[in-house]
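For reference, the structure discussed in these notes is given below.
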Amino acid sequence: MSHQAQTEGVASRERRRFLQLLSAGAIAAAAPVAARGEEYGPLRFGLTPVFLSNDLELLDMLQSYLEGATGHPVELITRRTYQEVTALLVSGQLEAAWICGYPFVKFRNSLELVAVPEWNGRPLYRSYVIVGAEREAENFLDLKGNIHAFSDPDSNSGFLVTRTLMFELGIAPETFFRKTLFTYGHRNVIRAVASDLAQSGSVDGYVWEVMRELEPDLVNRTRILRKSELLGFPPVATSKALAATPAIASLKSALLSMRDSEQGRKVLDALRLTGFVDAPASTFDGIAAKVDELRGIL
């Protein structure tokens, strides 16, 4: 079996695991949600590896701001994979989560937008393909035979964009890369390429740019080979079942007004964001087009 086939097999197993998690979560969550109605304990807010979640000071700042602005105790919940967080969100075990645009599109019949972050004044970002700083590669086709690092099989910038590009270029996935791997974190993609564990990688452009500011010695060992078109920034979403609840209304208000308070601006500055906006679902049409293009392949 080829390395690419092995990678796609991993993605398939991950999706089966998601369905198992979702089924279990739906059973566990149905009774508490129905029983509580509009009465909530802690507001459970999920975070995926899209978020710079290993900064404990930043997490404390975010939690403190959300608790003050919503009037609810807030519990920040992290998981290793996007599938795990999405399963918790769809099943109602999280009130909201900061997810990726790809799972939002895949499960848009079950999810509603709460707010979308603005980076550099727009609710948009790009996917980057990166290589080692000393590599002489000039375009994507020069990466043939590489070990290539993806972030997560449900990541837009860390998988979907590159996989769609390969399809459009007529590249056979099973023969183009020598090996592919999932690092389950955009930081880990950068680390893999910087250390030459992988010769190229697919990464969230926002994460790469912020890490270049925070960890220049690491990130400067990589360079950008390709930038994608602008796509919808990873959003904060909730399940449709909870979208009309007071808890979500308070969370939405807290996010949209974050730039209006000193404490909120400190959180945004730490995240290198300019605010959150009430963006329409059409913001993610570009990602949806890629999902449609690969329908039946992934």
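What does the charge count near Leu111 come to, summing +1 for each Lys or Arg and -1 for each Asp or Glu among other residues with Cβ under 15 Å from its Cβ? My count for the surroundings of Leu111 gives +1. If you take every residue apart from Val74 with its C-beta less than 10 Å away from the C-beta of Val74, what net charge results, scoring Lys and Arg +1 and Asp and Glu -1? Around Val74, the surrounding residues sum to -2.
Would you please name the trypsin sites (Lys or Arg not before Pro) within the stretch 129-234 that are DSSP coil residues with at most 15 other C-beta atoms within 10 Å of their C-beta? Don't jump to the answer; show the numbers that get you there.
On the way: sites: Arg135, Lys144, Arg163, Arg178, Lys179, Arg187, Arg191, Arg212, Arg221, Arg223, Arg226, Lys227; in loops: Arg135, Lys144, Arg178, Arg221.
Those that pass, being in a loop and sparsely packed, are Lys144, Arg178.
Available extension along the chain between Leu169 and Arg80 is 28.9 nm, counting 0.36 nm per residue and deducting the alpha carbon span.
With a sphere of radius 11 Å drawn around the Cβ of Ala279, what net charge do the other residues whose Cβ falls strictly inside it have (Lys, Arg +1; Asp, Glu -1)? Don't skip to the answer; put the middle values down first.
Values: positive: Arg122; negative: Glu118, Asp278.
Result for the neighbourhood of Ala279: -1.
Of the GluC sites (Glu not before Pro) found in the stretch 54-147, the ones in coil according to DSSP and having at most 12 other Cβ atoms within 10 Å of their Cβ are Glu134, Glu136, Glu138. Checked against a 26 Å cut-off, the cross-linked pairs Lys240/Lys290; Lys106/Lys252; Lys106/Lys266 give Cα-Cα distances beyond that limit for Lys106/Lys266.
When the charge dipole of the stretch 259-298 is built from unit charges on Cβ atoms (+1 for Lys and Arg, -1 for Asp and Glu) and taken about the Cα centre, the candidate among Leu273, Gly296, Thr283 whose Cα reaches farthest toward its positive end is Leu273. Computed about the Cα centre, the dipole magnitude for the stretch 127-228 is approximately 140 debye when only Lys and Arg (+1) and Asp and Glu (-1) carry charge, each at its Cβ.
No lab work stands behind these numbers, since they all come straight from the coordinates. Please read all numbers here as calculations on a predicted model, not as lab measurements. When we count neighbours, we look across all protein chains shown, and the Cβ atoms used for this are built from the backbone with ideal geometry, even at glycine.
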